[in-house]
1. State whether one or more residues within the range 31-43 are touching a helix residue (DSSP H, G or I) at 6+ places or on another chain (Cβ under 7 Å), surrounded by fewer than 19 Cβ atoms within 10 Å (Cβ to Cβ), at pLDDT 90 or above and part of a strand (DSSP E or B).
2. So, in the range 78-100, exactly how many residues are closer than 18 Å to Asp33 by Cβ and outside any helix (DSSP H, G or I)?
3. So which pairs qualify, if the first residue must be in the range 110-133 and farther than 27 Å from Asp36 by Cα, the second must be outside any helix (DSSP H, G or I) and modelled with pLDDT of 85 or more, the Cβ gap must be under 9 Å, and the two must be at least 6 apart or on different chains?
4. If I go through the range 47-77 residue by residue, how many of them are surrounded by 18 or more Cβ atoms within 10 Å (Cβ to Cβ) and either more than 13 Å from the chain's Cα centre (by Cα) or in a loop (DSSP other than H, G, I, E, B) (or both)?
5. Suppose we keep only residues that are in contact with a helix residue (DSSP H, G or I) (Cβ under 7 Å, 6 or more places away or on another chain) and outside any helix (DSSP H, G or I) within the range 101-132. Which one would you say is farthest from Leu31 (Cα to Cα)?
6. Determine, yes or no, whether Val28 is surrounded by fewer than 18 Cβ atoms within 10 Å (Cβ to Cβ), modelled with pLDDT of 90 or more and of a type in the set (Val, Ile, Thr).
Amino acid sequence: MEENINELLIKEKKEFNINSSNVKLLKVRELYDLNDDVIAFYYNIIEDEILKGYVLASVDPNLDSILEYGQLIGEKDTHYGEVLLSNNNLNAYYLGYQAIFFDTDVNSLNIQLEKKKNSIINKIEEEDKEYAEQIESLDLGLNEDVVIKNTKDLQLFAIDPNGMSTLNWTKIIGAVA
């Protein structure tokens with residue numbers, strides 16, 4: 001895994017504003033999937049003791065080896081790092097791009113996700129009852145394969161760790177058998 005990160009650093013030196021060969025990776029924390037298995041590690045990229053960037057590297061052979069990466073400016077990791085460290089008493093669950101949730105275990109997380117889903121469904125129901133019923137029938141986040149059509153730009157329940165934006169979900173038209 002660290003070999004893949006090192007390849008990325010060599011390839012993307014300009015992206016991270018790296019000028020020397022004195023670069024090291026600092027493992028911040030592990031992230032879990034919906035099976036309570038470690039799915040990835042979050043690293044800070046340090047050059048000459050200066051924070052340069054972050055990498056979210058997968059340990060799952062079925063996923064890309066690098067899930068997310070980017071440059072950081074300043075002394076703090078305002079992407080995920082500070083949030084991951086401040087919630088170190090809980091498991092960090094990575095559910096996709098800008099979707100990290102914190103909870104004690106996957107069962108508790110699923111309850112949290114269901115509550116978020118139900119809250120959104122109640123808001124949607126005020127405008128489109130049929131659409132709300134389609135969403136309500138899904139077990140979002142619980143190993144369900146769904147077919148998605150891009151018909152509505154709704155903001156649904158996956159919040160970035162900084163609370164700055166939400167992940168856009170689209171109208172769901174049915175489950176795959």
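The values are calculated or read from the model by the stated rules, or taken from the named source; none is laboratory data. All of these numbers come straight from a predicted model, not from anything done at the bench. Methodologically, a virtual Cβ is constructed for each residue, glycine included, from the backbone with ideal geometry; neighbour enumeration extends over all protein chains shown.
1. No, the range 31-43 contains no residue that is touching a helix residue (DSSP H, G or I) at 6+ places or on another chain (Cβ under 7 Å), surrounded by fewer than 19 Cβ atoms within 10 Å (Cβ to Cβ), at pLDDT 90 or above and part of a strand (DSSP E or B).
2. 13
3. From the range 110-133, the pairs are Ala132/Glu126.
4. Kept after step one, since they are surrounded by 18 or more Cβ atoms within 10 Å (Cβ to Cβ), are these residues of the range 47-77: 47, 51-58, 67-69, 72, 77.
Those still in the list that are either more than 13 Å from the chain's Cα centre (by Cα) or in a loop (DSSP other than H, G, I, E, B) (or both) too: 47, 51-54, 72, 77.
Selection size over the range 47-77: 7.
5. Asp103
6. On the way: surrounded by fewer than 18 Cβ atoms within 10 Å (Cβ to Cβ): no; modelled with pLDDT of 90 or more: yes; of a type in the set (Val, Ile, Thr): yes.
No; evaluated as a whole, the condition is false for this residue.
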